[in-house]
Every structure is written in C-alpha cells, then in structure tokens.
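The structure under discussion appears below in the form of structure tokens.
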Amino acid sequence: MIEFSQVHKSYGAQQALAGVSFRIEAGEMVFVAGHSGAGKTTLLKLIAAIERPSIGAVTVQGQNVGALRASGIPYLRRNLGLIFQDQKLLTDRSVLANVLLPLVVVGTSPRDAARRARAALDKVGLLDREKANPLALSGGDQQRLAIARAIVNRPAIMLADEPTANLDRNAARRIIEVFRQFNQVGVTILIATHDERLFDGLHPRLLRLDQGRVAAHVAPDGSSA
C-alpha cells in the first residue's frame, strides 16, 4: 500500500528525512512517533504528494508519488483522508457544508451526501453543531470537524498529523476509537503523534523517528519490523 525506499527530504541546508525505508501493507494501523521536528509531518506530506522526495522513491498504491504530474495528484488524493494541523476549514459556510465538500467534488447525490456527512459528524460528536460556522467552534471542535471531513469519503488511506493535539483525554480516546473502527473495516491508517499514551490498548505498528531517521520500527507483536 505504501513504501518508502531510501527517502531523503531536504529544505535547503535543513534535512527533514534521511534514508527512510519502510513498507506498510493494506489495512495496517501505524503510529509514527517522535519528538517535534523528527520528520513526522514531512513523512505524511510525502505520501499525499504535498511534498516530493529530494532523493529516493515514495510509492502509494503502486504509484511513484514523486513522479506524478500535477494533473494526477487530485486522483491520488481521492483515496486519501487528510488531517493536518493546518485544517484549512472554509469559514464562509457551515460545519455541515465543510463536511459535504469532498462528496460534492466527486459527484455524490445530494441525498446520500447529506446522510453520509451527518453520519461523519455524529461519529466525532458534532452533529448538534452542523449549522454553526467553523469560527464559532473551539480549537478542539475544529479539529474534530477536520476529522469528519477526512472520513466522509471513506478513503482507502487516512493520514493524521497530531489529530488529538487540541483535545482533552476523553475526546482524544473517542477520536482514536473512530480511527480504530475504520481500520477494522480495512482502511490503512497512519497517525503521527508525540503522545505515546494514545497507544494504550492498541497494537499498531510503530515507526519511531529521530532527527529524520527511523530509530525504531516495531511490529504489532512487539518484534522489530
């Protein structure tokens, strides 16, 4: 599903990733852990073709992402659910309209789109705020709105960068449970986080980064991957 082969990513003289290699199979849940600046966000952005590798290859569903033309990137992202800290919520429309947007883009019927959007809002506990403007939401609720928008299109792969950073412990566990439920039906999930307490009760694959390098790669059974 996802493969990195000796990937390096530099921003000028700053090296964000150095010689990163790993393979993720379809249906896996992977936590990408590490300190701030370890390279977690860069890794996710390379999968989504927001960034391109400086050296090496990133392959997603059989496509070399670094070689994709600009015209091919929207088709790649139709299979991705993206949750980044820069949420890019649309403040000129309601909470519900924000979640509807990915479905409108792909031509889902209005009736089915409304049903699925409300179901996604219900999953993250925001159904009662569907008519609100995103600016009226707290930071944590805005994060939950971004998650609802990411899951509404039933993506094959979900990429989440610190998805629980602005949530209290109970809300964070609820969001992790939403990810777990999607993973149980075959969605491949990568969650970048510095909070390893989120792993409690879960048995994901763990990819730990340190200064842009893979410091540890642990399989769900605790063995080295």
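Each value in this text was obtained by applying a stated rule to the coordinates, not by laboratory testing. In this text, all values refer to a predicted model and were calculated from it rather than measured experimentally. A quick note on method: Cβ atoms are made from the backbone with ideal geometry, for glycine too, and the neighbour counts reach across all protein chains shown.
Taking a ≥ b ≥ c as the square roots of the Cα gyration tensor eigenvalues, segment 48-154 comes out prolate, since a/c reaches at least 1.5 and a/b is larger than b/c.
If you line up the long axis of helix 110-123 against the longest principal axis of the chain, both from Cα atoms, how many degrees apart are they, to the nearest 10? The angle comes out near 70 degrees. Computed from Cα positions, the angle between helix 95-105 and the longest principal axis of the chain comes to roughly 70 degrees. Taking trypsin sites (Lys or Arg not before Pro) as exposed when DSSP calls them loop and at most 15 other C-beta atoms lie within 10 angstrom, the chain has its longest site-free stretch at 132-225.
Round to the nearest 10 and give me the degree value, 0 to 90, for the angle of helix 169-184's Cα axis relative to the longest principal axis of the chain. For helix 169-184, the angle is close to 80 degrees.
Within the listed set Ala113, Ala57, Ala136, the residue fluctuating most in the Gaussian network model of the chain (springs between alpha-carbon atoms under 10 angstrom) is Ala136. Indicate the gyration tensor shape class of segment 91-154 (rounded, prolate or oblate), computed on the Cα atoms with a ≥ b ≥ c the square roots of the eigenvalues: a/c under 1.5 is rounded; otherwise a/b larger than b/c is prolate and the rest oblate. The shape class here is prolate.
Based on the Stokes-Einstein relation at 37 °C and a viscosity of 0.692 mPa s, and on the Kirkwood radius from alpha carbon pairs, the chain is assigned a translational diffusion coefficient of 183 µm²/s. Panel order for Leu68, Leu82, Leu159, Leu135, by other beta carbons found within 10 Å of each beta carbon, from fewest to most: Leu135, Leu68, Leu82, Leu159. Taken along the Cα-to-beta-carbon direction at a fixed 7 Å, the label points for Arg69 and Ser36 span 4.2 nm. For the residue pairs Lys9/Lys88; Lys40/Lys88; Lys9/Lys45, the C-alpha atoms sit more than 22 angstrom apart in Lys9/Lys88.
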